[in-house]
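Structure, as structure tokens:
The values are calculated or read from the model by the stated rules, or taken from the named source; none is laboratory data. Not measured: the values here are computed from a predicted model. Note that we place each Cβ from the backbone using ideal geometry, even for glycine, and neighbour counts take in every protein chain shown. Calculation scope for accessible area: heavy atoms of the full protein, side chains included, ligands and nucleic acids excluded. Shrake-Rupley method; radii C 1.70, N 1.55, O 1.52, S 1.80 Å.
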Amino acid sequence: MAMAQEVSWQLDGITMQGTFVRPDGAGPFGAVVLVAGSGPTDRDWCSPLLPGKNGSARLLAEAFAGAGIASLRYDKRASGPSAAHNVPKLVGKLSMQSHLDELVGAVGVLARQEGVDAQRIVGLGNSEGALHVLHYATSAQAIPFVGAVLAGPPGRAVKDVLLAQLALQAAQVPGGDALMSLVREAAARYEAGQPMTPDARVPDSIKMVLTSFEAPMNLPLARELWSEDASRSLARVSIPTLVVIGGHDLQVDVHADGDRLQASAAGRSNITFAFPPNANHVLKEETRSVADVIATPGNGYNAEGARLDPDALQTILGWLRGLGI
């Protein structure tokens, strides 16, 4: 039976925490470090903003262990059970570099675990986490990745992905076009370096999303993310890389993002693409209509009983086996 063990380490005076899962046997095992998406998403890929505790990272770690692969998943410093304690120390310090520093620390801890082969570590990032994996893979690191899995990476600038997500929500309500005009005006002000100041007619739920990009706690990260996309970094990746975008992903689109990513990887034999038709943004199986998903709190991502999409999981496991992980 696989062994799960809590691990911790220090980064800039803050204790980081994670879960190491080791398969049965003596090893040495190939290993995967799992990197969560944006906001307060924790090591299991659960969030206080979304109902449910059935996080995809925990399910992936269990599936990897069953396949003889070790893993480490970790809480970012502004997520998980210590977030409230850590957040005051992080105001004005969150950035793409600070998240890369977290990932560097996590890889170092994973490499030191008993039974792990430090020369066979793969980074697997979801959504924003895919950007951090890309930054690690395209920079000089003491422990380089031998491969990268990018689950739901944005192929467009994050601002464009965000506006597309909000447009999808707005399309479900009367007056959605007029609402999106107000949203785009607020986004244009932000891009020009001005306060967003969303119109009073914008629903509070959308105002919260918009204004989170200018909250002091989220800076300078939010401004860096606004124009970031995976296509530029993907074009510079030299290690084997698997890009997975589900056909039921409502955050990242198979065509709007996938086509752009494929164009950036044209002629690169080290980059593989997979588009499992029933996978959603967090690699769960999804067969409901778009309207039903949007009407479900938290899109039902982490609902009890939701399972990893079998096609996506087998694609990832098969690709890892091909790397010798």
**Asked** Is it the case that some residue within region 85-95 is in a loop (DSSP other than H, G, I, E, B), under 25 Å from Leu313 (Cβ atoms), open to solvent by less than 50 Å² (accessible area, probe 1.4 Å) and among the small types (Gly, Ala, Ser)?
**Response** no
**Prompt:** Is it the case that region 193-200 has a residue that's open to solvent by less than 50 Å² (accessible area, probe 1.4 Å), without any contact (Cβ under 8 Å) to a residue 40 or more places away in the chain and closer than 26 Å to Val87 by Cβ?
**Reply:** yes
**Prompt:** Out of region 145-170, which residues are over 18 Å from Asn280 (Cβ atoms), under 17 Å from the mean Cα position of the chain (by Cα) and among the aliphatic types (A, V, I, L, M)?
**Reply:** Ala148, Ala157, Val158
**Request:** Kindly provide the set of residues from region 34-52 that are aliphatic (A, V, I, L, M) and either closer than 11 Å to Val282 by Cβ or open to solvent by 10 Å² or more (accessible area, probe 1.4 Å) (or both), ordered by number.
**Result:** Ala36, Leu49, Leu50
**Asked** When you look at Gly155, is it more than 19 Å from Ser95 (Cα to Cα), buried (at least 22 other Cβ atoms within 10 Å of the Cβ) and touching a residue at least 40 places away in the same chain (Cβ under 8 Å), yes or no?
**Response** yes
**Asked** Would it be correct to say that Ser56 is more than 24 Å from Pro240 (Cα to Cα) and among the small types (Gly, Ala, Ser)?
**Response** no
**Request:** Return yes or no: is Ala142 over 24 Å from the mean Cα position of the chain (by Cα) and exposed (fewer than 14 other Cβ atoms within 10 Å of the Cβ)?
**Result:** no
**Request:** With the condition kept exactly as written, say whether any residue in region 53-68 is open to solvent by 50 Å² or more (accessible area, probe 1.4 Å), at pLDDT 95 or above, among the small types (Gly, Ala, Ser) and part of a helix (DSSP H, G or I).
**Result:** yes
**Prompt:** When you go through Ala130, Ala106, Ala118, Ala142 one by one, which is the residue that is of a type in the set (A, V, I, L, M, F, W, C), touching a helix residue (DSSP H, G or I) at 6+ places or on another chain (Cβ under 8 Å), in contact (Cβ under 8 Å) with a residue 24 or more places away in the chain and assigned to a helix (DSSP H, G or I)?
**Reply:** Ala130
**Item:** Set His248, His255: member being surrounded by fewer than 16 Cβ atoms within 10 Å (Cβ to Cβ) and within 24 Å of Gly152 (Cα to Cα)
**Value:** His255
**Positions within region 97-139 being on the phi > 0 side of the Ramachandran plot and either open to solvent by less than 10 Å² (accessible area, probe 1.4 Å) or polar (S, T, N, Q) (or both), in sequence order** = Ser127
**Prompt:** In region 171-184, which residues are surrounded by 15 or more Cβ atoms within 10 Å (Cβ to Cβ) and within 24 Å of Arg223 (Cβ to Cβ)?
**Reply:** Met180, Leu182, Val183
**Pair list, Cβ < 8 Å and 6+ apart or interchain, from region 214-237 residues that are among the aromatic types (Phe, Trp, Tyr) to residues that are open to solvent by less than 50 Å² (accessible area, probe 1.4 Å)** = Trp226/Ala157; Trp226/Val158; Trp226/Lys159; Trp226/Tyr190; Trp226/Phe213
**Request:** Using the structure shown, decide if Ser71 is over 14 Å from the mean Cα position of the chain (by Cα), free of Cβ contacts under 8 Å to residues at least 60 places away in the same chain and either under 28 Å from Gly27 (Cβ atoms) or open to solvent by 10 Å² or more (accessible area, probe 1.4 Å) (or both).
**Result:** yes
**Prompt:** Residues of region 201-219 being surrounded by 11 or more Cβ atoms within 10 Å (Cβ to Cβ) and in a loop (DSSP other than H, G, I, E, B), which ones?
**Reply:** Val202, Pro203, Ala215, Leu219
**Request:** Find the helices (runs of 4 or more DSSP H) located wholly in region 227-325 whose residues include 2 or more that are modelled with pLDDT of 95 or more, and list them.
**Result:** 230-234, 258-264, 310-323
**Prompt:** Between a first residue in region 50-64 that is more than 16 Å from Asp75 (Cα to Cα) and a second residue that is in a loop (DSSP other than H, G, I, E, B) and open to solvent by 60 Å² or more (accessible area, probe 1.4 Å), which pairs have beta carbons less than 7 Å apart while being 6 or more apart in sequence or on different chains?
**Reply:** Gly52/Glu304
